[in-house]
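Student: First the structure, then my questions, so here it is.
The values are calculated or read from the model by the stated rules, or taken from the named source; none is laboratory data. The structure presented is a predicted model; accordingly, all values stated were derived computationally and were not measured. Don't worry about glycine lacking a Cβ; one is built from the backbone with ideal geometry, like all the others, and counts go over all protein chains shown. Remember, those area values only see protein heavy atoms, side chains included, never the ligands or the DNA or RNA. Shrake-Rupley method; radii C 1.70, N 1.55, O 1.52, S 1.80 Å.
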Amino acid sequence: MLNRIKEKLNSGMGKDVVWTFSLQIAIMLCSFCINKILASRLSIDDFGQYNVIKRSVQVLSLVMLAGVGIAIPRYIPRYRNNNPPQRIAPLLSAALIYIICVSSLVLLFCISFSSLIQNIIIGEANNLGLMLVALTYAFILALAQYAFAYYRGTSKFKWYNGSQLAMQLLITLPLLLLPCLTVNNVFISWLLMTAILVVYLLGRETRHYVRQNGSFPFSTHVKSHLITITKYSSGRLVADFFQFSLSAFPLIYISNVLGLQPTAYFSVGITLVTMVTPLYSFIGIILLPYVSEAMAQHKLASANRYISRLTMLYIGSSLLLTVFMYLLIRFLILIFFAEEYVVTSDISRIIVFSIMPQALFLLYRNTIDAVSSIPYNAITLSICFAAIALCFHFCTSLTQFAYAYLAVSCLQGLLSFITWQIVKKK
């Protein structure tokens, strides 16, 4: 058994899993530190607004990324395993053009309806400057995800995870160095730090390509690749929007209905969940290019067996993690937040039960996208978003909101499991 484990770990995918898991743990620890610093140094109202903007920026950046984060890791392995192999540079050019076009439309829409959008994105009106900072930061994050998708598609998982860790370390620096923290200077400093990293990564990869090939084909045969990217990514754009809206919508809705302080309290449970779910997304990160390659080589049966074993692992480990967090919730809130947030213990206990269904969704999401061009995940997530919007309409207390969030998470996990069973048979 030990020899078999050693053989698996020494395989290409085994090394990718170990490397990704190790660095994702480090990224998660950075996230813990960032959250602790902000919870301690910001007022409760400011912390509530910070969480609203943070979730809004995540949604906006995924919309601006426009599904390219899934398309690139899917198509690069296929291009390389075609006979003869296809060049990936025109695909990357088309993807970048697509991102810029979609981002321009998002920016135009937000500016045109700024009075309404400000309340949604930043939780207050008459602060156009902060909204523009949030929009610019979202665009820079989309470009960062574009670079990460390239590393993922080319199986450069050291660079994929290392660049993400570098981004987390860079945005931690201002929180330690700035004498006074406000919501404004937090996001302005994060915008600058992330922009520096993005310029470095894109510049480095472009120079590396030019040294090997002489020039970068920004316009050669881009049209056909742009059509390919647009057809595949449009459905994934909807899925990305609804996925991050499921975590952003509760905070935006509560901030508009109950105010920023209840929003800060509710964000504790959601933050605890989103801190640990990346542990379950890392396998999906690796599975997408591997399953795409397996399809190109007609070896889907082996990937199928691997996913079935991972399902049992995900269920068992997420149950243990849920029990651990449920029993030690007060202690965890004291460590990762501040004493003022201990009052949210009962609400957070309800929300942490959503870890297992969300973990299952993160496992199946990438495999479904790799196998099928039909945007099944967009359908699943749109149903879940409609469900949470309907449930929240009838909620009047934070406890009711917490149960509604848990119910929709269970629906999300169940629908993704059923979808995978259907897609697998096809």
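Student: With +1 on each Lys and Arg Cβ and -1 on each Asp and Glu Cβ, how big is the dipole of the chain about its Cα centre, in debye rounded to the nearest 20?
Tutor: In total the dipole reaches around 1820 debye.
Student: For the chain, modelled as a Gaussian network with Cα springs under 10 Å, which listed residue fluctuates most, Ser224, Ser163, Ser114?
Tutor: Of the options given, Ser224 has the highest mean-square fluctuation.
Student: Helix 355-371 versus the longest principal axis of the chain: what angle, 0 to 90°, nearest 10, using Cα atoms?
Tutor: Value to nearest ten degrees: 30.
Student: Divide by every residue of the chain the summed helix terms, -39500 (n - 2.57) for each DSSP H run of at least 4, and state the resulting mean residue ellipticity at 222 nm, rounded to the nearest 500 deg cm²/dmol.
Tutor: -29500 deg cm²/dmol
Student: If the limit is 29 Å between Cα atoms, which of Lys223/Lys424; Lys231/Lys424; Lys36/Lys156; Lys158/Lys425 go over it?
Tutor: Lys223/Lys424; Lys36/Lys156; Lys158/Lys425
Student: Counting other C-beta atoms within 10 Å, and keeping those with at most 15, which DSSP coil chymotrypsin sites (Phe, Trp or Tyr not before Pro) do you find in segment 105-167?
Tutor: Passing sites in segment 105-167 are Phe113.
Student: Here is a follow-up. Can you tell me the alpha carbon radius of gyration of the chain divided by the globular rule-of-thumb value 2.2 N^0.38 Å?
Tutor: Scaled against compact globular proteins, the figure is 0.96.
Student: Could you state the accessible area per residue of the chain in Å², with a 1.4 Å probe and every protein chain left in place?
Tutor: Ligands and nucleic acids excluded, the figure is 44 Å² per residue.
Student: Can you give the Rg/Rh ratio of segment 335-426, where Rg is from the C-alpha atoms and Rh is the Kirkwood radius?
Tutor: With Rg and the Kirkwood Rh in hand, the quotient comes to 1.08.
Student: Roll a 1.4 angstrom probe over the protein heavy atoms and tell me the percent of accessible area of the chain that is carbon or sulfur.
Tutor: With neighbouring chains kept in place, the figure for the chain is 68 percent.
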